[in-house]
Each structure stands twice: as C-alpha cells, then as structure tokens.
Amino acid sequence: MPERPDLDYVVPILARELTGLAVTGVRVKKPVVLRLAVPGTPAGLLSGQTIRGVTRRAHFVLFALEGPGDVELVVSPMLAGLFAVTPASAREPAALAMTLELSDGRELRYLDDVQMGKVYVIPRGAHASVPGLAHIGIDVLSKAFTREKFRALARQRRDQAKVFLMDKSALDAMGNAYADEVLWEACLHPKAMVRSLPDEALDRLHGAIVTVLREAAKTIAKRRPATDEKLRDFLKVRGRAGEPCPRCGARIRSAGVHGHDAEFCPECQPDARGTGIVDWRKVPR
C-alpha cells in the first residue's frame, strides 16, 4: 500500500492542487471499491461539493467537502491504490477505479489495479463508519512519541514485533514495507515478542522508526515522483528476498508473520525467540 512516507509526499500535493475546486461529475469504473454510508448515488452525493482540504490520517486520505448533504470523502488505498490529478483528455489507464471531474477541467483519478482499496462517502465527521479510522495511535514523527511512551505502549503488547508496528490503533503509521525496514534498522527479528524486549532493544526500535520514516520521506521528496508512482527501489530489505543484506552480505529471507510476509536478514536479525538481545557492537554498520 502507499505508506506514510508516500502519503506525506502525495497528500500535500493533492491539497495544493485540489483545494477550492468543485466536483462537477463522478465516474465509477470499478464499483467494488465504493462504499456509501449515506443514501444516494456517487454523482448525486459528490457533484456540487467543493474540496476544502485534503489530509492524511494513518493510511487514510480524507477529503473535506463543502456543499449539500454534509458528506465527506475518505479513501483507504490499501495495497495498490494511487492518485492522479490529470487533464480530462488524458488516456484512462486500466487501473482506473473512480474519477472526480473538477471545475478547472482536470480530473482526480483513483487508480487501483487489484481493487482492494476503498472509497467511502460518509456523513461529515462520521469516522466510526470507516473501519480503522476512528482510533488511530500515536504519531511516530511527533514530539509526543518519546522513548518512555513507546516503552509503556510496548509493555502492553502480547504480539510479535511486526504485528505491533503495523497496528494503526497503536502507531501512526507503518505498513508491510516500512515495518520490515524498521526492524532491519533495529536488528530485531519480525517474530520477536514485544513484551519480552529489553529497554535497550525497545529504544533501538524507537529510534529506527523515526530514522527510517524520516529518511524515506526525504528521499521521496527529493526524487519528486508523480503522485501515481510508488517508490520502493531505495529500501534495504523489502522486496529483496534472496539478495545480499546491504549490511552483512547474508541472503535476505522471507517468512510469514500472522498473515503478512516479512523480509529480514537472518544474520543481522537473528532473534526469533523474543529476547531482542543482539550484541550491537558486533553488528556490521
């Protein structure tokens, strides 16, 4: 899915390009992505609405609307959802799921070639009607995300490290790719039991979360991809199973973790028993 570094880049662009524009029409090409929490049709509910802002909340993109009906548009891109603001005359790609026609002659296109994402039209502010949106955890790039608060949060967990990192009700926010990157940076196995990690390991994990997400955001902003392009080629372990670890040279492995796949280095991240004990001084950097 587009993850936090992707959305932290894309959402401000959408806000800049769309704020103040009116929706003049709606086309739904893949109805499976659409969820209406208010009676009506997509065109009837959204046409005539003015976009007043675009914000990110965890992995959701929220479009504040002003107009009849007091509705709000929320998009959960999930695995493959992407956005494009394009001239209406541009060729429609096969991945196109839904289009908002705009008052300046352009279109906002939501693309989703696997149709796993969801586009919700809800009553304004009714975030509880969108699964996962009402309860979002601590912002890991905020001043509130201290070592002490992270330790306290981790001590309440009974699950594995990767599952914990991906829980949006606990942490805002990581998905599959950046959870793998964070665990590699912290030299922790994805199946390490969170409650068993000593303070030293939790502090490494805290630092890795901040470092990895900030560096990824800087890299994406520097390269300035199109809003419908997802950059992953700079990641250290995600998508690199079978390749040498960039830190120690061992082969990157893949394993299942509670319904998710995890990619990790068996040498740099050896501790599946959950103690989190690694001789940090001996890990190649």
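Only the coordinates and a few stated rules stand behind these numbers; no lab work does. All values derive from a computational prediction rather than experimental measurement. Note: ideal-geometry Cβ built from the backbone for every residue, glycine included; neighbour counts use all protein chains shown.
Distance in nm between label sites at residue 36 and residue 267, each 7 Å beyond Cα in the beta-carbon direction?
5.8
Considering only region 4-129, what is the antiparallel percent among its DSSP beta bridges, to the nearest 5?
Of those bridges, close to 90 percent are antiparallel.
Among 76, 47, 169, 254, what is the fewest-to-most ranking by other Cβ atoms within 10 Å?
Ranked by crowding around the Cβ, least crowded first: 169, 254, 47, 76.
Relative to the present Cα-Cα distance, how much length would full extension add between residue 52 and residue 94 at 0.36 nm per residue of separation?
Full-extension gain reported as 12.2 nm.
What order do you get for 129, 89 when you list them from fewest to most C-beta neighbours inside 10 Å?
89, 129
Rounded to whole Å and ordered largest first, report the semi-axes of the equivalent ellipsoid of region 1-107 derived from its Cα gyration tensor (root of 5λ).
19, 16, 15
Compute log10 of I(q)/I(0) for region 138-282 with the Debye formula, placing one identical point scatterer on every Cα and leaving out solvent, at q = 0.21 Å⁻¹, to two decimals.
So the normalised log intensities are -1.40.
If you build a Gaussian network model of the chain, linking Cα atoms that sit under 10 Å apart, which residue out of 168, 30, 143 swings the most?
For the chain, modelled as a Gaussian network with Cα springs under 10 Å, the answer is 143.
Name the residues whose placed amide hydrogens come within less than 5 Å of the amide hydrogen of residue 65, ignoring near sequence neighbours (fewer than 5 apart) on the same chain.
52, 73
For a quick size check, give me the Cα extents of region 97-174 along its three principal axes, largest first, whole Å.
The Cα atoms of region 97-174 stretch 51, 28, 22 Å along their principal axes.
Using the alpha carbon gyration tensor of the chain, what are the three equivalent-ellipsoid semi-axes (square root of 5 times each eigenvalue), largest first, in whole Å?
38, 20, 16
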